[in-house]
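What follows draws every value from the coordinates through simple rules; no lab data is involved. Predicted model, so just to flag it, every value in this text is computed and none were measured. As a convention, Cβ positions derive from the backbone with ideal geometry for all residues, glycine included, and neighbour counts pool all protein chains shown.
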Amino acid sequence: MNSIPNNKKNLLLKTGQEIFASHGFTNVGLTELLKKAGIPKGSFYYYFDSKEDYGVAVIQYYMDQYTTHLSTLFNTPDLSGKERLLSCWENWNENQCNNDYEGRCLVVKLSSEVADFSEAMRHEFCKGIDKVLTLIASVIYKGQQDGSIPDHLNPDLTAQELYQQWLGASLLTKIQRNKHPFKIALRYTMNILEK
């Protein structure tokens, strides 16, 4: 009996993720969102108090999926820490470009849009990004243990530096509509990870 409501809520979250990644948050009205999801307005307000509350839930949904995906990549057997980390960036490159340059990263698409008017949404992004940074730092540490990543690197600072580099590359890729920023980010990443 609980699966039907959960299916509706998950459908709303998935639809929001897709629409917000394409059109942003403020450009999307509830009518458009509910029409695309095929869910009546009353069902929306059963799950969410407001559009902002919904935005927080969509960000949490996206970040949970993303960190689960990262955990899977970072736990690939028979790869060194460096290879696991590089597989993350290769995956990022593939998912962010797909020859349309729209990108799929809600952090890139929404963070600057919502951070100024929604403390709750900004905070949810912070929580999600902290989890991502922890995962990246963890795989850097594992790479140091297996000898594939230099010992002199501080895992936490290096995770922050690399994540910022790739977020910036994602933004520039959207603006420039080419993969050159990702090539630069990969070269930068390889230089950091060299012994």
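Answer yes or no: is there a residue in segment 58-72 that is surrounded by fewer than 16 Cβ atoms within 10 Å (Cβ to Cβ) and at positive phi. No - not one qualifying residue is present in segment 58-72.
Residues that are surrounded by fewer than 17 Cβ atoms within 10 Å (Cβ to Cβ) and more than 15 Å from the chain's Cα centre (by Cα) within segment 145-167 comprise Q145, D146, G147, P150, D151, H152, N154, D156, L157, E161, listed in sequence order.
Just to be sure, is S22 farther than 19 Å from R104 by Cα and among the polar types (S, T, N, Q)? It is false that S22 is farther than 19 Å from R104 by Cα and among the polar types (S, T, N, Q).
Could you tell me whether segment 143-160 includes any residue that is part of a helix (DSSP H, G or I), closer than 24 Å to Y54 by Cβ and touching a residue at least 40 places away in the same chain (Cβ under 8 Å)? Checking segment 143-160: not a single residue is part of a helix (DSSP H, G or I), closer than 24 Å to Y54 by Cβ and touching a residue at least 40 places away in the same chain (Cβ under 8 Å).
In segment 30-51, the count of residues that are surrounded by fewer than 15 Cβ atoms within 10 Å (Cβ to Cβ) and closer than 18 Å to H123 by Cα is one or more. Out of K127, K179, report the one residue that is basic (K, R), closer than 23 Å to T15 by Cβ and surrounded by fewer than 19 Cβ atoms within 10 Å (Cβ to Cβ). On inspection, the qualifying residue turns out to be K127.
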